[in-house]
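Working notes for the structure below.
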Amino acid sequence: MADNRFFKVAGPFTLGELAELTGSELSDPAAAGKSVVDVAPLQEAGPEHVSFLDNKKYTDAFRETKAAACFVKPELAGFAPEGTACLTSKTPYKAYALAAQAFYPQEKPVEYRAPTAVIDESASIGRDCSIEHGVVIGKNVKIGERCRIQAHAVIRDGVEIGDDSDIGPHVCITHAIIGKKARFHPGVVIGRQGFGFALDPDGFVAVPQLGRVIIEDDVEVGANTTIDRGAGPDTVIGQGTRIDNLVQIGHNVKIGRYCVIVSQTGISGSTQFGDFVMTGGQTGFAGHLKVGSGAKIAAQSGIMRDVPAGEEVMGSPAVPIRQFMRQTAIVNRMARKKGSNDE
């Protein structure tokens, strides 16, 4: 269960309330008035907790749980132990997430200006914003309502941030227009100069990076991730996209809506993603590529060509997953054959 030194629990909630909130169906209508005080994993849950089962691998733990109720797919409800009510849903993990949000709602910012914050007089700050210690806000910055700007964040001249955004500690933002409900974790750098220069026998000649970073609504960016501003065209991050920690996004990159980019991915300049693209950890993309909507890139893949919409690729250089598996099987057979011949 959550440590109450760091997390404040709301509630309690009745099972009927949770069913209505999550769109689930309560297996025992008589249990609708029963209250639960928290969420918990199957193995740790007690008679006052609600849990979830979304993977058949944990059916044994489900059979033995002491939870008062559990979010579960209808076809797995029959494994519930006596005393555990089922909140059935085709998407139990989503239902559990909604319930957990109810128990642990995001803390709303309270109007506050730390005395150590440096805010230019030309900046526009919306209602109910919290500006913490050491924050620096430059000229003509526009910050929407109910935003939280955490300690030592730096927001450079002209940046715009939409309502209900949460900017973490030591975040640096420049040359950027940011939509509503942005969430930037500690150490994020947005809008730094892109990696662009001309080659010359006498040394490198810097190319001015004259674009911006445009981040649409409801984008989350993980700790220590960097998104470079465009060289001329803008760098764009589409609505609802989730970017993990330690990701590098180069200049002029365009990411579609609701993409998932996992830790240590590097995307070179001018590459374009469609919508709903998913990348595994440690994937690398050469520049000027196009990745179609719905494509999935396996972890540690090296992408050196365009990826069609909906395709799943793996390896370095990346190929369709089935081709990669066939290649791997052939190499393994050759290795075994050579080993037996050596004997």
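Values quoted throughout were computed directly from the atomic coordinates according to the rules given, and no laboratory measurement underlies them. Every value quoted in this text rests on a predicted model; they were computed, and no experiment measured them. Here Cβ is always computed from backbone atoms with ideal geometry, including for glycine, and neighbour counts include all displayed protein chains.
Straight-line cross-link partners of Lys142 among the lysines, defined as a Cα under 20 Å from its Cα and at least 8 positions apart when in the same chain: Lys108, Lys180, Lys181. Candidate membrane-span-like segments in the chain, meaning DSSP H helices with Cα atoms spread over at least 20 Å of their own axis and a Kyte-Doolittle mean of 1.6 or above, do not occur, with no membrane implied either way. The length gained on full extension between Asn224 and Arg326, counted as 0.36 nm times the residue separation minus their Cα-Cα distance, comes to 33.0 nm.
For the peptides 101-113, 264-276, 72-84, the ranking by packing is 264-276, 72-84, 101-113, with the highest mean count of neighbouring Cβ atoms within 10 Å listed first. Put in order of Cβ neighbour count within 10 Å, fewest first, the listed residues Phe324, Phe197 become Phe197, Phe324. Only helices enter the 222 nm calculation for the chain: every DSSP H run of n ≥ 4 contributes -39,500 (n - 2.57), and dividing by all residues gives -4500 deg cm²/dmol, rounded to 500.
Put the Cα centre of the range 121-167 next to the Cα centre of the range 1-21 and the gap is 31 Å. Peptides 54-65, 149-160, 30-41 ranked from most to least packed by the mean count of surrounding Cβ atoms within 10 Å: 149-160, 30-41, 54-65.
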